[in-house]
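Take a look at the structure below.
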Amino acid sequence: MKKILVIHGPNLQLLGARQPDIYGTADLKKINADLKKHAAECGVTLEILQSNHEGDIVERIGKAKGRCDALLINPAAYTHTSVAIRDAIEACGLPAVEVHLSNIYAREPFRHQSLIAPVCRGQVSGFGPASYRLGLDALLTLRYNKRTSKG
Ligand code: DQA
């Protein structure tokens, strides 16, 4: 695994200022810089997109096959609504891990369902910015390019 596509969904450009009691005080620039540093230590490079637009995210995932080896995604609010992003992940066939800063299962009931998780190899939820690093490590431990939980 050499190149990983990292996608941050809507409103994550506001991290640092947005509900710091829930999402912490690190902004997206710092989260990306820390993740890039960790990725470099692991010998992989990152392609990073933050978008507030579902179609942009769908298109980037659609172009990922052949360019990237895996997908690390925080779909943000689209986690709970987007059949289009789910289908894009499934169609591209790359191993994906879903991450969340907050523990979505400890929050409002509408956040308890992820439409994305079933097409991902797994999910990391609730560890603040560390969720991204843990998600990246999870991708790097995958040995089989199929959707099982076997690692
Ligand atoms: C989030 C959780 C989502 O429910 C929410 O809509 C977000 C951020 C998280 O990282 O905790 O925007 O994905």
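The values are calculated or read from the model by the stated rules, or taken from the named source; none is laboratory data. Here the structure is a predicted model, which is why all the values come from computation and not from measurement. Here the Cβ is made from the backbone with ideal geometry for all residues, glycine too, and neighbour counts use every protein chain on show. SASA here: full protein model, heavy atoms, side chains in, ligands and nucleic acids out. Shrake-Rupley method; radii C 1.70, N 1.55, O 1.52, S 1.80 Å.
Things worth noting here:
- Just one of the listed residues (ILE73, ILE48) is within 23 Å of ARG133 (Cα to Cα), in contact with a helix residue (DSSP H, G or I) (Cβ under 9 Å, 6 or more places away or on another chain) and open to solvent by 10 Å² or more (accessible area, probe 1.4 Å), namely ILE48.
- Close Cβ contacts (under 8 Å, 6 or more residues apart or on different chains) running from residues in the stretch 105-123 that are open to solvent by 60 Å² or more (accessible area, probe 1.4 Å) to residues that are at pLDDT 95 or above and among the basic types (Lys, Arg) comprise TYR105/ARG111; PRO118/ARG86.
- Residues in the stretch 1-36 that are without any contact (Cβ under 8 Å) to a residue 24 or more places away in the chain and among the β-branched types (Val, Ile, Thr): THR25 alone.
- Selection count where residues are within 11 Å of the ligand (Cβ to nearest atom) and part of a helix (DSSP H, G or I), scope the stretch 14-27: 3
- Note on the stretch 1-44: among residues that are in contact with an Asp or Glu (Cβ under 7 Å, 6 or more places away or on another chain) and not hydrophobic (A, V, I, L, M, F, W, C), the one that is least open to solvent (accessible area, probe 1.4 Å) is GLY16.
- Residue that is at pLDDT 95 or above, open to solvent by 70 Å² or more (accessible area, probe 1.4 Å) and of a type in the set (Asp, Glu), where the choices are GLU54, GLU90: GLU90
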